[in-house]
Every structure is written in structure tokens, then in C-alpha cells.
Amino acid sequence: MASRVLIVEDDDVLRWLMTEAITHLGYEATGCISADAALLKMQVNDSFDLVITDVVMPGQCDGIGLAKAIWSTRPDFPIIIVSGNTVLPPGFLPANGRFMAKPCTFETLNRTMLELLGLR
């Protein structure tokens, strides 16, 4: 069974592109428009294996807040945080978290996903 990836991105085109890329890599991809919606989706369906989230989004919670909320109840859960305008300092993320600058290559995304999913 393919790993399930939740993609959290408020830009419709970027969310669609990321979903297509993840599906092409052989994963089952589900998109969410905000961190708030992602938290609700994860409460209802805990079968996701990885979250990929943008940082800056509308709503009560941004991508970093989403990661912290997930890690508060599932500390080993793998999360990739992506951003085109935020830089995270070294050591900011735990071992099961990665930061990727936008735009990222297909190869880098695939390698990072394989690395994180191998931790589980």
C-alpha cells in the first residue's frame, strides 16, 4: 500500500502541482488549503504517513504551528516544511522534520520523502 501524504498549501496551483508530483512518485496525495483544515483532517483520519506544509497561510495556524501541533501528539511524525520566503535556523526542526526552500527539485523532494518515511 502506498504511503499517504497530506499536502498543505493555500495556493491552488502549487497545491495541485505538488499533489501531481507526489502521485507521480507513487504516493497517495491529499491536498488541504490551510493548516487549520489539515489539523481537522488529521483528527478525523490519522492514516497519513507524512505531511508537506507551506509556512505562510491564512487562518489561525501557519505551517510551523501545524508541525508543532502534530508533534505535540505524534512526536515521531515526519513533516516537510517548505517556503519561498522563510528560512529556518539550523537545529530548529527535530530529526523527523525537514525544511526545503521553494522552488525545490523533483529529485530533492523524492529523496527527502524517502529519507523521512524510512525513519518510521
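Values in this text are rule-based calculations from the coordinates and carry no lab data. Just so you know, these numbers come straight off a predicted model, no measurement behind them. Virtual Cβ from ideal backbone geometry, glycine too; neighbours counted across all protein chains shown.
Below are the figures for this structure:
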quantity	calculated
Test for Ala95: is it surrounded by fewer than 16 Cβ atoms within 10 Å (Cβ to Cβ), free of Cβ contacts under 8 Å to residues at least 40 places away in the same chain and touching a Ser or Thr at 6+ places or on another chain (Cβ under 9 Å)	no
From Thr30, Thr19, Thr23, Thr53, residue being of a type outside the set (Lys, Arg) and either in contact with an Asp or Glu (Cβ under 7 Å, 6 or more places away or on another chain) or closer than 24 Å to Pro89 by Cβ (or both)	Thr53
